[in-house]
Structures are given as C-alpha cells and as structure tokens.
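What follows draws every value from the coordinates through simple rules; no lab data is involved. Source: prediction; values computed, not measured. Positions of Cβ are backbone-derived with ideal geometry, glycine not excepted, and every protein chain shown enters the neighbour counts.
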C-alpha cells in the first residue's frame with residue numbers, strides 16, 4: 001500500500017522524484033482512508049506493541065515527518081499517524097479547522113481502529129489538535145508530548161503573538177491565496193529557513209516532497225484556515241483549562257534555538273505534571289534538525305524513563 005501512496009504523490013509534481021530520499025515508514029505500515037467527523041483522513045498504521053500512540057504533525061509538513069519515530073516505536077506501540085484535516089493526502093473540506101473539531105477527527109480515527117487508551121505525540125499545529133483531543137478525552141490518554149509551538153489562549157499567548165516572526169498567524173484570505181498560488185515552495189521555504197537553527201538540515205528532498213503536497217487543490221486554503229481558527233481555538237482552550245489541568249504526564253519539548261523551555265512554561269498553565277525537554281542545536285523542526293535526539297527523548301518518556 002505504500003507503493004500506491006508514493007505513486008499518487010509522484011503524479012502531483014515533477015519535483016517529487018526526491019521523495020525516494022525521504023525516510024520511509026517501515027514496510028509493515030499500511031495506509032488507510034478513515035471516515036471521521038464529516039471528513040476523511042489519510043492514516044498510516046503499524047507496529048505490534050501492546051500500547052498505542054498517535055503522532056500529530058504540524059504546518060509545513062504532514063504525517064510523513066514521523067517516519068523515524070514511528071520505526072523506533074513500532075516494537076512497543078501500535079502507531080497511528082494521520083494527516084490532519086486539509087493536509088497531506090487527507091480530504092480538504094471548506095470548514096472545520098478549529099482544533100476542537102480536529103480533535104474529534106482524531107477521536108473518530110481511534111474509534112474506527114478500535115483503539116481505547118493511547119499516548120499522543122504532537123508538533124506545531126498538532127500540539128493544538130492534540131490538546132483539544134486530550135482535554136476532551138482525559139481518561140483515554142496515558143501520556144502527552146508536545147513539541148515547539150504554543151497553545152492559543154494558554155499562558156503567555158498574547159506575548160508570543162507579538163513576535164514579528166509570527167506574522168503568518170494573521171496572513172490569509174482569498175488575496176493571500178492568490179499571492180501564493182503557484183509559489184507554494186517560496187512561501188514554505190520561508191518557514192523552513194526562518195524557523196531552523198540551520199536551514200540546510202531541512203533537506204531538499206523534504207522541501208520538494210512537502211511543497212508538492214501543499215500545492216494540491218485546496219491545500220493552501222486549508223493551511224491558512226488552520227491559523228485563521230486561532231481566535232476560536234483560544235476561546236475553546238480557555239474553556240478546557242477552566243475544566244481543570246491535565247493530570248497525565250506531559251513532556252513539553254522545545255528546540256534550544258526556538259521555544260526552548262518556554263514550552264514547559266506554556267504547558268504548566270494547562271497541565272499539573274509537566275517535564276521540560278530541550279533539544280540542543282535545533283530550531284523548530286525537531287524531527288528534521290535533530291531526529292536522533294528527539295526520538296530518544298520521546299521514546300524514553302513514552303516508556304516511562
């Protein structure tokens with residue numbers, strides 16, 4: 001089934017032959033399309049361990065970013081790796097990009113796979129989807145890992161919004177979509193370059209791969225919609241925090257050239273058992289810049305070490 005997936009993406013872009021250089025998922029992983037919450041997500045499923053873990057990607061990437069971690073966890077976990085609503089090979093509906101709705105997308109995927117208790121590992125926009133899912137399903141989540149992005153409305157959110165590097169949070173709408181149409185790679189290079197400690201670590205193969213996926217019809221609209229929903233996400237997150245802090249163990253990881261220990265500061269406003277993690281010599285793109293160190297930290301936490 002991986003071969004049919006790659007064949008479909010190869011047809012999308014002349015740049016896509018670089019896909020062969022990306023870290024592949026183990027051959028035991030299969031691709032599925034799972035109907036959930038009014039949409040359909042592309043989901044990779046593999047692993048044989050007794051526990052379950054769901055890996056949630058962020059903007060500028062897809063579930064493909066998680067291949068090294070999925071391989072490391074496959075002997076101890078059943079690993080579920082969706083593309084979020086509107087991203088990758090998932091459907092791209094016109095609406096539903098608030099993170100509470102997307103958290104329910106994930107709940108539906110787990111229900112379809114008959115997964116009860118799970119750990120959650122997330123990055124970037126995935127943090128926000130993950131938090132919404134965890135907040136509404138606290139008894140279903142054993143451990144929660146968040147990587148290098150804040151939660152709308154939680155902790156020092158208003159201060160974070162003042163960072164000029166985050167202008168893209170308010171960049172969207174029909175005219176902005178026209179500006180980037182056919183220039184998706186230029187727009188995405190800005191993220192990969194400015195948020196990396198060393199831009200060369202975000203490989204050309206990865207850039208070509210993700211640019212092709214984000215150039216699909218509706219993909220950039222969906223990406224802008226992820227950010228446009230932040231005001232609603234902040235309202236929803238205030239409601240979740242008011243219901244009480246998360247009680248399960250939480251690992252908050254930042255790149256030392258990016259959010260660093262601020263991740264733990266943010267999460268202590270929303271969770272009572274927070275471990276701080278900082279990945280040395282890394283910017284925002286932890287799985288691209290320092291995959292070995294990131295995998296070790298996450299794997300150790302999930303295994304209770």
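Beta bridges per DSSP, both residues in region 2-302: antiparallel share near 30 percent.
Does anything in region 152-171 have its amide N under 18 Å from the 7 Å Cα→Cβ label point of residue 194, and if so which residues? Under 18 Å, as judged by backbone N against the label point of residue 194, lie 159-171 of region 152-171.
The fewest-to-most ranking of 166, 69 by surrounding Cβ atoms within 10 Å reads 166, 69. Gain on full extension, evaluated as 0.36 nm per residue between residue 299 and residue 75 minus their Cα-Cα distance, stands at 79.5 nm.
Would the chain count as rounded, prolate or oblate if I go by the C-alpha gyration tensor, calling it rounded below 1.5 in a/c and otherwise prolate when a/b exceeds b/c, oblate otherwise? Rounded, since a/c falls under 1.5. Summary of the geometry: region 87-107 and region 167-201, compared by the centres of their Cα atoms, lie 21 Å apart.
When the Cα gyration tensor is reduced to axis lengths a ≥ b ≥ c, the ratio a/c is 1.5 or higher for region 77-161, and with a/b not above b/c it is classed as oblate. Of the residues 284, 137, the one with the fewest other Cβ atoms within 10 Å heads the list, and the complete ranking is 137, 284.
You can think of it this way: the chain between residue 111 and residue 95 has 3.5 nm of extra reach, that is 0.36 nm per residue less the Cα-Cα gap.
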